[in-house]
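Notes to accompany the following structure.
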Amino acid sequence: MSYITWFEGHAKKHQKIIKKLLLANYSKEEIIDYFDYKNMLIHESDFCPLYEKQKKCHDMKSLNCYLCACPNFRFKDEGFGEYNKLPILSICDINNGEKFAGKKAIHQNCSSCSVPHHKSYIEKNFDLNWKNIMSRCTL
């Protein structure tokens, strides 16, 4: 699956949840709290494929899934260039995490970074439209 395909599909899933919460008159604080990993695991099991395995994408006590993906992540399905004849498909704008080479491309490995999953970061960058927050990701 290409990055842009995942990105567009995820934006739709996110917006569907937001619409439901707004219809229930959730406040900003309640919306952010709703996206807590433990709650999402129970109430939005199709939001993330890792939920089915009861697995977190980042090893942190209080994981919030509002910013699944990161505003600092940059991707270009055509690639940013090459390294050792492999296309570089994603990078981190704040140089956090590390790169990893798959069989066909080089990708940003964000598993050791928890920046966008802290409630304070989400509050600072909050927008009801996930794509507004993530607008700089697609290059």
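Taken together, the values in this text are just the output of simple stated rules run on the coordinates, not laboratory data. These figures come from a predicted structure and were not determined experimentally. Here the Cβ positions follow ideal geometry from the backbone for every residue, glycine too, while neighbour counts run over all protein chains shown.
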note = Taking the dipole of the stretch 3-133 about the Cα centre (Lys, Arg +1; Asp, Glu -1; charges at Cβ), the one of N72, F47, Y83 that reaches farthest to the positive side is Y83
message = Can you tell me which aspartates and glutamates have their Cα less than 19 Å from the Cα of K124? Leave out same-chain residues fewer than eight positions away.
response = E29, E30, D33, D36, D93
request  = For the chain, give the magnitude of the charge dipole about the Cα centre (Cβ charges: +1 Lys/Arg, -1 Asp/Glu; no others), in debye to the nearest 20.
outcome  = 220
task = Using a Gaussian network model of the chain whose springs link C-alpha atoms within less than 10 Å, name the residue from Q15, Q54, Q108 with the highest mean-square fluctuation.
result = Q54
request  = Take the chain, compute every pairwise Cα distance, and split them into 5 Å bins from 0; I just need the percent in each bin.
outcome  = 2, 9, 18, 22, 21, 14, 7, 4, 1, 0, 0
key: Angle between the chain longest axis and helix 3-23 axis [Cα atoms, degrees, rounded to 10]   = 10
task = Could you pull out the trypsin sites (Lys or Arg not before Pro) across the stretch 71-139 that fall in loop regions by DSSP (anything but H, G, I, E, B) with no more than 13 other Cβ atoms inside 10 Å?
result = K85, K103, K104, R136
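Arrange the following residues from fewest to most other Cβ atoms within 10 Å of their Cβ: H58, H43, H117. Spell out each step's value before the answer.
Details: H58 15, H43 11, H117 22.
By the 10 Å Cβ count, ascending, the order reads H43, H58, H117.
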ask   = Quick one: M134, M40, M1, fewest Cβ neighbours within 10 Å first, how do they rank?
value = M1, M40, M134
